[in-house]
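Presented below is the structure to which this report refers.
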Amino acid sequence: MLFVRKLIIMISGQKRHCFSFIKKGLCGMEEQIQSFITYLHNVRHTSENTEMSYRRDLYKLKDYLGTQGIASVEEITASSLHAYVRHLEMAGFKAATISRNIASVRGLYQYLLKSGIVRTDLSEHLKAPKVEKRMPGVLSMEEVGRLLEQPGDRNVKEIRDRAMLELLYATGIRVSELIGLKLSDVNLQMEYIICHDHAKDRVVPFGTKAREALQAYVLHARPQMVVEPEEDMLFVNCSGKPMSRQGFWKLVKHYAQKADIREEITPHTLRHSFAAHLVANGADLKSVQEMLGHSDISTTQIYATLNQNHIREVYAKAHPRG
């Protein structure tokens, strides 16, 4: 009886030790992920959205490995990474999501390799599924016109909304860049903004309509909306705080419904529409690439393809032998 009691105590102690080890290992892996995110922020100067995406993907990996009894980076094998990809496929994740998760794992391993934490990049043989390239959704010029006409000048909110929509379509900047603009980034007289990309700053011009809408907002609406006189963010919400992505997304949805636009649109739809309309009207791809802030012109090339597809559709409908 005494022997049995000692055996139970010994087994119980081993379980506690094992649990402590796993907990410590998982904590260590979490610290490595956080260290990687800090590196991205401080060295690579990535955006907050990029960092959130990496963190979400890598925590998903950490949680899966934890269920497999893998508690630290040193215990990960090539087989366990391949099993993780199969797990994502079996869970029904889309090919684009799986590809992004694999890219996140590769990014982590490149960092671990450079830091000397691992000696081998186990992620290099992971195969991402083929992602079907979808043409970006764009609005017609008539639809954009209807959308931009929706905000009036009855109150400061409408004046702000018109300025935001006009500027987004006039410049094609990302929504994060739009809400991140400061007063000092806007030159109304010369009609350009300075966009602070994570890679480099770029100057993007805008036209008369956007200038008029911005001028009305800066001179008449914004002074009534800001609470703190030292607030330097260009666009603020009704509480005087910097405009959020979610707030602007809701704004676009609201005016799209008022304009009777049936397609599902987001703020990025205006960026796509900006580029597609420029290319359709003869703008060269290099200039469009610079305005959009694309690092690779092949990303911009899709708008030329989009324009060619539209021309084919027009030909097929209009030509007597189409």
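The values are calculated or read from the model by the stated rules, or taken from the named source; none is laboratory data. The shown structure was predicted, so the numbers you read here are calculated from the model rather than taken from an experiment. Cβ coordinates were reconstructed from backbone atoms using ideal geometry, including for glycine residues, and neighbour counts include every protein chain displayed. Only protein heavy atoms, including side chains, enter the accessible area calculation; ligands, DNA and RNA are left aside. Shrake-Rupley method; radii C 1.70, N 1.55, O 1.52, S 1.80 Å.
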Of the numbered conditions (1) in contact with a helix residue (DSSP H, G or I) (Cβ under 8 Å, 6 or more places away or on another chain); (2) more than 30 Å from ILE76 (Cα to Cα); (3) open to solvent by less than 70 Å² (accessible area, probe 1.4 Å), SER140 satisfies every one except a single condition; which is it? (1)
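Residues of segment 302-322 being of a type outside the set (A, V, I, L, M, F, W, C), at pLDDT below 75 and in a helix (DSSP H, G or I), which ones?
The first filter runs over segment 302-322 and keeps only residues of a type outside the set (A, V, I, L, M, F, W, C), leaving 303, 305, 307-310, 312-313, 315, 317, 319-322.
Next, only the ones that are at pLDDT below 75 stay: 305, 307-310, 312-313, 315, 317, 319-322.
Result: THR305, ASN307, GLN308, ASN309, HIS310, ARG312, GLU313, TYR315, LYS317.
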Looking at ARG16, ARG56, can you tell me which residue is assigned to a helix (DSSP H, G or I), open to solvent by 100 Å² or more (accessible area, probe 1.4 Å) and modelled with pLDDT of 90 or more? ARG56
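Let's see how each residue does on (1) open to solvent by less than 20 Å² (accessible area, probe 1.4 Å); (2) acidic (Asp, Glu); (3) in contact with a Pro (Cβ under 6 Å, 6 or more places away or on another chain); (4) in a helix (DSSP H, G or I):
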site	(1), (2), (3), (4)
VAL144	yes, no, no, yes
ASP153	no, yes, no, no
LEU168	yes, no, no, yes
VAL203	no, no, no, no
ALA213	yes, no, no, yes
GLU231	no, yes, no, no
HIS254	no, no, no, yes
Flag for SER123 being over 29 Å from PHE274 (Cβ atoms) and open to solvent by less than 20 Å² (accessible area, probe 1.4 Å): yes
Residues of segment 33-50 being open to solvent by less than 60 Å² (accessible area, probe 1.4 Å) and either modelled with pLDDT under 90 or touching a strand residue (DSSP E or B) at 6+ places or on another chain (Cβ under 8 Å) (or both), in sequence order, are THR46, SER47, THR50
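Among the residues of segment 222-230, is any under 23 Å from ASN49 (Cβ atoms), of a type outside the set (A, V, I, L, M) and either modelled with pLDDT of 90 or more or touching a Lys or Arg at 6+ places or on another chain (Cβ under 8 Å) (or both)?
Restricting attention to segment 222-230, the residues satisfying the condition of being under 23 Å from ASN49 (Cβ atoms) are none.
No, segment 222-230 contains no residue that is under 23 Å from ASN49 (Cβ atoms), of a type outside the set (A, V, I, L, M) and either modelled with pLDDT of 90 or more or touching a Lys or Arg at 6+ places or on another chain (Cβ under 8 Å) (or both).
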Looking at TYR111, TYR84 in this structure, which one is open to solvent by less than 40 Å² (accessible area, probe 1.4 Å), without any contact (Cβ under 8 Å) to a residue 24 or more places away in the chain, among the aromatic types (Phe, Trp, Tyr) and assigned to a helix (DSSP H, G or I)? TYR84
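For segment 63-93, which positions are among the acidic types (Asp, Glu) and under 18 Å from LEU112 (Cβ atoms)? Before you say what the answer is, go through the steps one by one.
At the first step, the residues of segment 63-93 found to be among the acidic types (Asp, Glu) are 63, 74-75, 89.
Once the filter is applied, which keeps residues that are among the acidic types (Asp, Glu) and under 18 Å from LEU112 (Cβ atoms), segment 63-93 yields GLU74, GLU75.
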Counting only residues in segment 176-190 that are of a type outside the set (A, V, I, L, M) and open to solvent by less than 40 Å² (accessible area, probe 1.4 Å), the one nearest to HIS272 (Cα to Cα) is identified as GLU177
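Each row is one residue, and each column tells you yes or no for (1) open to solvent by 50 Å² or more (accessible area, probe 1.4 Å); (2) in contact (Cβ under 8 Å) with a residue 60 or more places away in the chain; (3) assigned to a helix (DSSP H, G or I).
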residue: PHE248; (1), (2), (3): no, yes, yes
residue: LEU270; (1), (2), (3): no, yes, yes
residue: VAL279; (1), (2), (3): no, no, yes
residue: ALA283; (1), (2), (3): no, no, no
Considering ILE173, ILE193, which residue is part of a loop (DSSP other than H, G, I, E, B) and surrounded by 15 or more Cβ atoms within 10 Å (Cβ to Cβ)? ILE173
